[in-house]
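Report on the following structure.
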Amino acid sequence: MSAAHYEALFGDASRAGVYHLPHGNTDSLLAGAAAADCVVLRVDLAAARNRGDMLAAIARDLRFPEWFGQNWDALTDCLLDMGWLPATAYLIILEHCDGIHGRAESDFVTLMQTFQNAAQTWREDDVPFWCLVDMQADGIAWLPTIAQPD
């Protein structure tokens, strides 16, 4: 897909949510996100072995405030109030998710639901909030892929 396609997509809050990160080169995706004025944040989950590791990586890579409480409620609070990182749109890329998905599947599913709920809340304020999940295996069946150009 072209950078122009991604720019239009990432600027549209009504379509924002949690999706599989497309495989392959992400140059046009990142260029489109930049053109849509997205703050792009990458979270490396390669070393995450459990929920605590996963939340710590998210807090570190999303630059959460020190008061982050390392639990689901605190994650929700931080995702819904990104006051320390104001932007017109957000694109969060969760990298290397296969390992944590295999080791702590129920916690990973809770993470996906937390990001989806955050995207829905941001959508109500017309702020695009995207989360793209990097999985090399088959991924998660219920997690959609980004829409192709019309």
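The values are calculated or read from the model by the stated rules, or taken from the named source; none is laboratory data. Source: prediction; values computed, not measured. Every residue, glycine among them, receives a Cβ derived from its backbone with ideal geometry; neighbour counts consider all protein chains shown. Ligands, DNA and RNA are excluded from the accessible area calculation, which covers all protein heavy atoms including side chains. Shrake-Rupley method; radii C 1.70, N 1.55, O 1.52, S 1.80 Å.
Restricting the first member to the stretch 55-81 and to residues that are under 15 Å from Ala119 (Cα atoms), and the second to residues that are open to solvent by less than 60 Å² (accessible area, probe 1.4 Å) and assigned to a helix (DSSP H, G or I), the beta-carbon pairs closer than 6 Å and six or more apart or on different chains are Leu75/Thr114; Thr76/Thr114; Leu79/Ala118; Leu80/Ala118; Leu80/Thr121.
Residues that are without any contact (Cβ under 8 Å) to a residue 24 or more places away in the chain, assigned to a loop (DSSP other than H, G, I, E, B) and either more than 16 Å from Gln136 (Cα to Cα) or not polar (S, T, N, Q) (or both) within the stretch 24-36 comprise just one, Gly24. Highlighted here would be helices (runs of 4 or more DSSP H) found entirely within the stretch 37-129 that include at least 2 residues which are of a type in the set (Asp, Glu), open to solvent by less than 40 Å² (accessible area, probe 1.4 Å) and farther than 28 Å from Leu9 by Cβ, but there are none.
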